[in-house]
């Protein structure tokens, strides 16, 4: 965990310290009700000692369609602490790790100071993720070997689903320079366009509201293509060059098709 992220996690523990767990945890469906031992542990263990697998059961079963208990923000600091260490509190993959945020109205229900620390956590965690050193690239897929970490697409999906503003997340990539953010960007491009017809964005529909269109527009922007092109020339590693070249080709073809459609429309 980066020092910046640790500071935000500790601030979250302070900001959400007024919340206290209630007498029980409600689930939307009885079939997904928490077991008595799990519920008791979640309600009585010190917050910092709640293990990942217990919080995962709360996240997956009690928050599948939004938390029903008004004191649910009590768990948020522990969520942040686990996610910051890549211990995603879910059994479903990183994209589902923040369901308590994804299916709640926290942006209008919580005080501005608490919403601000949620946003700061999302942006700092994404910054940490795309700056992590790239140590292995799959020679066939030309994508990063993330080992037990989720890939950058699923992490981005997790944060956007949690209502962290996508333009601010993409702004992290615009601000951060260097080979590692560039390679994580290439990984995203190569992943989302691997089985996608150019000009279509089936993967992007997995984002909430208009986030898919925002991401598609950003990937098709000239500065993204130039960034991938410059990253290619700034490395002598052949596998990294192949990965960056593939990604640059994807975004170039998407941008060309978009321009072609705009021209045809203007003359229609």
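The set of residues in the stretch 213-225 that are at pLDDT 90 or above and more than 12 Å from residue 174 (Cα to Cα) comprises 222, 225.
Being within 20 Å of the chain's Cα centre (by Cα), assigned by TED's automatic domain parsing to the domain that holds residue 95 and surrounded by 13 or more Cβ atoms within 10 Å (Cβ to Cβ): is that true of residue 80 here?
Working: within 20 Å of the chain's Cα centre (by Cα): yes; assigned by TED's automatic domain parsing to the domain that holds residue 95: yes; surrounded by 13 or more Cβ atoms within 10 Å (Cβ to Cβ): yes.
Yes, satisfied.
The values are calculated or read from the model by the stated rules, or taken from the named source; none is laboratory data. Since the structure is predicted, the reported quantities are computational estimates derived from the model, not experimental observations. Note: ideal-geometry Cβ built from the backbone for every residue, glycine included; neighbour counts use all protein chains shown.
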